[in-house]
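Notes for the one structure printed next.
None of the figures in this text is laboratory data; all of them are computed from the coordinates on show. Bear in mind the structure is a predicted one, so any value in this text is a computation, not a measurement. Note that we place each Cβ from the backbone using ideal geometry, even for glycine, and neighbour counts take in every protein chain shown.
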Amino acid sequence: MQEVLFLVFLSLTSVIAYDNCPKCGTMDVPYPLSTGDNCGNPSYRVYCNKGVLNFLSETGFYYKIQSIDPSASRLIISPPMILTNTCMSSDLSLGGLTIDQNSPFNISSRNTVMLLNCSEGIRVSPLNCSLSSPCRLFEGVGEGRGCGDTLCCSYLKDASMTSHRIRVRAEGCTAYTSVVDLNPGDVNVHAWHYGIELQWIPLT
């Protein structure tokens, strides 16, 4: 249904398609992604800021784009920074990652999301808050160290969940990270691919 509505939107707005946009720094910007009104498809907007390609959330937060796979209609953005010694994501005040439901982008089902510094009330939701959750390993390294000795939970972002949001809030969980295509039982936390994979509706 979402794809049908988006294609109708394209038709009604008579969006004009152009060629590929120029590189942003060292990163190619493949069609239909667009960094301006005169290249790509403007409905697939990304932003080139001082040579760094970014994805802009509905709430106005920029997430750095790590990589793009145009053949699969996917890109990977960096999770927000977890502020030092606070266990708060830098997008906490905006409620986490939110994508406009009318845009062609959504969160793919290959992301294992780890919620950090959670309140006890979060246990009632269908999350893995056990000692075997991969978030326990993350709490022992890098940014995760500031979240040690707090409740953390993880979940696979599957089709049964909203594909347009990863939510954090002061009354729930105050920080998060995400790993793309995490294999069950993989405990080599330093080799995980930290990122949030987004997919877009291909043009036909």
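For residue 90 and residue 128, a Förster radius of 41 Å and the Cβ-Cβ distance give a FRET efficiency of 0.95, rounded to the nearest 0.05.
Tell me the Kirkwood hydrodynamic radius of the range 40-130 in angstroms, computed as one over the mean inverse distance between distinct C-alpha pairs.
Across the range 40-130, the inverse of the average 1/r is 15.2 Å.
Mind giving me the FRET efficiency for residue 203 and residue 58? R0 is 30 Å, r the Cβ-Cβ distance, nearest 0.05 is fine. For residue 203 and residue 58, the calculated efficiency is 0.90. If the segment from residue 50 to residue 72 were pulled out straight at 0.36 nm per residue, it would be longer than the present Cα-Cα gap by 5.2 nm.
Shape call for the range 111-204 from the C-alpha gyration tensor, a ≥ b ≥ c root eigenvalues: rounded (a/c under 1.5), prolate (a/b greater than b/c) or oblate? Display every interim value, and only then the final one.
Working: a/c = 1.87, a/b = 1.30, b/c = 1.43.
Verdict is oblate for the range 111-204.
Normalised by 2.2 N^0.38 Å, where N is the number of residues, the alpha-carbon radius of gyration of the chain equals 1.06. A simple spin-label model places pseudo-atoms 7 Å from Cα toward Cβ; at residue 190 and residue 37 they are separated by 5.0 nm. Of all lysines in the structure, the ones whose alpha carbon falls short of 26 Å from that of residue 23, not counting any fewer than 8 places away in one chain, are 50, 64. Most tightly packed first, judged by the mean number of other beta-carbon atoms within 10 Å of their residues, the peptides 68-76, 108-116 read 108-116, 68-76.
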